[in-house]
Amino acid sequence: MRTIALMNQKGGVGKTTTTVNLAAALARTGRKVCVIDLDPQSHASTHLGVLEEADRPSVYDALVNSTPLAELRVPAGDNLWVVPSDINLAAAEVELAGTVGREMLLRDLMADDPMKFDYVMMDCPPSLGVLTINALTAADEVFVPLQPHFLALHGMSKLFETVDLVARRLNPKLVISGIILCMYETGTRLSAEILNDLEDYLVQTRQSGRKTPWTDATIFRTRIRRNIKVAEAASFGRPIFDYEPACHGSRDYASLAREVIAQEMGIVETIPPAQAA
Ligand SMILES: Nc1ncnc2c1ncn2[C@@H]1O[C@H](COP(=O)(O)OP(=O)(O)O)[C@@H](O)[C@H]1O
Ligand SMILES: [Mg+2]
């Protein structure tokens, strides 16, 4: 099982769109996937066709009332489930302020969950508060969706610092395993420059010999191109594959899923023979 937090404290960079469509792309390959919607705006839930209902429990009840995830999870397609969010989650930060171990609530709920998935993908809100920290504590990996526009890398050091802090204090396994370029404008100089800056930064980290959670981060070769169908699918309440299977967006997310699956082969290959045996 891979548990992945999609995180970037900037809003509007493609976190939710990527969580939903990458999850759907992985589910289409036969893998079992669960999306956990940790944003009070619940866009991942609505994108998966799960609309807010007044008395339906949500991930808020998991965090605040210890409701098991199995009681909250709803089917969202073949091999695909979602633990929905709702607006109550906006108050969780304040309500959990006095709770000891509030950073580890989601991790413990996931450990107690009898249903096992190939991928659990957590859609984080655009902040570095208790909800994002819960995702980082429960995850083994972080994917950072990035929109390569002016100031795209502004705030990246804060993001890296937060992951580093969680890795040191709460979750030593945590690594940033992927950076995903979203809403990519092919052929623009700015997109290419931002990509270069990011590559330079990662190369410098590797050369410095310093071990950080992002030392082995991959910038996925697949770039998610800007495509109006991707935005339309969100309001249609289905992943892109159900809305417009032949568009660029469907092809890009399917290609990203292939790279994500290929990472697992990479991980297997790097295990020394003695350990693998
Ligand atoms: N590849 C894309 N092409 C066109 N629009 C996109 C694409 N990816 C995301 N969007 C749109 O951009 C907006 C922000 O994306 P979203 O995934 O909600 O970002 P975040 O979760 O980081 O706030 C949404 O309206 C979404 O539909
Ligand atoms: Mg979002």
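Observations, loosely collected:
- Any hit, segment 138-155, residues being in contact (Cβ under 8 Å) with a residue 24 or more places away in the chain, in contact with a Lys or Arg (Cβ under 9 Å, 6 or more places away or on another chain), of a type in the set (S, T, N, Q) and within 13 Å of ligand 1 (Cβ to nearest atom): yes
- Residue within segment 187-207 that is among the acidic types (Asp, Glu), within 22 Å of Thr17 (Cβ to Cβ) and out of contact with any strand residue (DSSP E or B) (no Cβ under 8 Å at 6 or more places or on another chain) present: no
- Those residues of segment 105-131 which are among the basic types (Lys, Arg) and either within 16 Å of ligand 1 (Cβ to nearest atom) or not in a loop (DSSP other than H, G, I, E, B) (or both), in sequence order: Arg107
- Breaking point among (1) hydrophobic (A, V, I, L, M, F, W, C); (2) assigned to a loop (DSSP other than H, G, I, E, B); (3) within 16 Å of ligand 2 (Cβ to nearest atom), for Phe150: (3)
- Tally, over segment 239-260, of residues that are within 13 Å of ligand 1 (Cβ to nearest atom) and not in a helix (DSSP H, G or I): 3
Yes/no matrix, rows are residues, columns are (1) assigned to a helix (DSSP H, G or I); (2) surrounded by 17 or more Cβ atoms within 10 Å (Cβ to Cβ); (3) under 16 Å from the mean Cα position of the chain (by Cα); (4) at pLDDT 95 or above:
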| site | (1), (2), (3), (4) |
| --- | --- |
| Thr162 | yes, yes, yes, yes |
| Thr186 | no, no, no, no |
| Leu202 | yes, yes, no, no |
| Gln207 | yes, no, no, no |
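- Flag if Ile219 is at pLDDT 95 or above, in contact with a helix residue (DSSP H, G or I) (Cβ under 7 Å, 6 or more places away or on another chain) and aliphatic (A, V, I, L, M): yes
- Looking only at residues in segment 222-238 that are part of a loop (DSSP other than H, G, I, E, B) and near ligand 1 (Cβ under 8 Å from one of its atoms), the one that is nearest to Gly12 (Cα to Cα) is Arg226.
- Filtered residue count, segment 16-48, keeping only those that are assigned to a loop (DSSP other than H, G, I, E, B) and either more than 9 Å from ligand 2 (Cβ to nearest atom) or under 11 Å from the mean Cα position of the chain (by Cα) (or both): 8
The values are calculated or read from the model by the stated rules, or taken from the named source; none is laboratory data. Computed from a prediction, not measured in an experiment: that's the story for all the values here. All Cβ positions, glycine included, derive from the backbone under ideal geometry; neighbour counts span all protein chains shown.
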